[in-house]
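Step one of this worksheet: look at the structure below.
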C-alpha cells in the first residue's frame, strides 16, 4: 500500500493520502477536524484555511493583532480512527515548504490524537514557519491547557522535502515517542507523566500564530497506521 517513505518499515499504513486533491479542499469523508482555542480572548480571533495548491496541502493561519488568541488544530484520518484508537501507532508527513518566514505557526504529524471535551488532545512533532525549528508537543484535554513542549529542536533542524514520522508505543506505565527524520531516528522520549495520552488516532497537528502573524506551510504524502509491536 502506498504512503511514502515509512522510516525503518515499522508498521504499515492503514490509510494514505497524497494530499494533492483536485477539489481544493480536504475530503471530509477521510478526515476529522478538531479545534481548540486558548488565550485571553474567545474563539474567532484568528482564521484558518486548509486548501490544495501546487500539488500539496497548504495550511494558512492568519492572526489578528488585536486578539491574543491561539488555536490548536488536530486533523485525524477517519479510516484510522477506530482501528488504531488507543493502540501503538504512527503518523507521517512530507514537508514541501515551510512557507513565509514568520513566527507563530507549527505543523507536523501527530499520534494518539482525538477530538475531546475541551477541543482536542494528542502528541505531535511540529515544525515552525519561522526558522524550521520544532517541538515534540503534548496537548491534553484540560480546560485552559495550551500544551507542553516535551522536546525542542533548534533552528534549521528541518528542511523542505523532509519526511517526518511520529511513533507512539503504548506501555503499561509510559508512552514511548519516537521521531524520525528521513528514516533516521532523532528522538526517543518516554512520557510517564500521570496525564500522558493513551487513546486516540494518527493524523497531523497545527498550532496557530499569536497576534498579527501569518503562517503558511505546504505538506503532502500522509500515511498513518499501527506499529508492529
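Taken together, the values in this text are just the output of simple stated rules run on the coordinates, not laboratory data. Note that the coordinates shown come from a computational prediction; the quantities given were computed from them, not determined experimentally. Neighbour counts run over all protein chains shown; Cβ positions are idealised from the backbone, glycine included.
Some points to look at:
- Segment residue 228-residue 193, extension gain: residue separation times 0.36 nm, minus the distance between their alpha carbons: 10.2 nm
- Modelled label positions at residue 152 and residue 185, each set 7 Å beyond Cα in the direction of Cβ, lie 2.5 nm from each other.
- As a proxy for reagent exposure, ranking 120, 185 by other Cβ atoms within 10 Å from fewest up yields 185, 120.
- Length available on full extension from residue 131 to residue 82: 0.36 nm per residue minus the Cα-Cα distance, which gives 14.0 nm.
- Neighbour-count order for 82, 136, 76, fewest beta carbons within 10 angstrom listed first: 82, 136, 76
- Difference of contour (0.36 nm per residue) and Cα-Cα distance, residue 174 to residue 32: 48.4 nm
- Neighbour-count order for 201, 192, 169, 174, fewest beta carbons within 10 angstrom listed first: 192, 174, 169, 201
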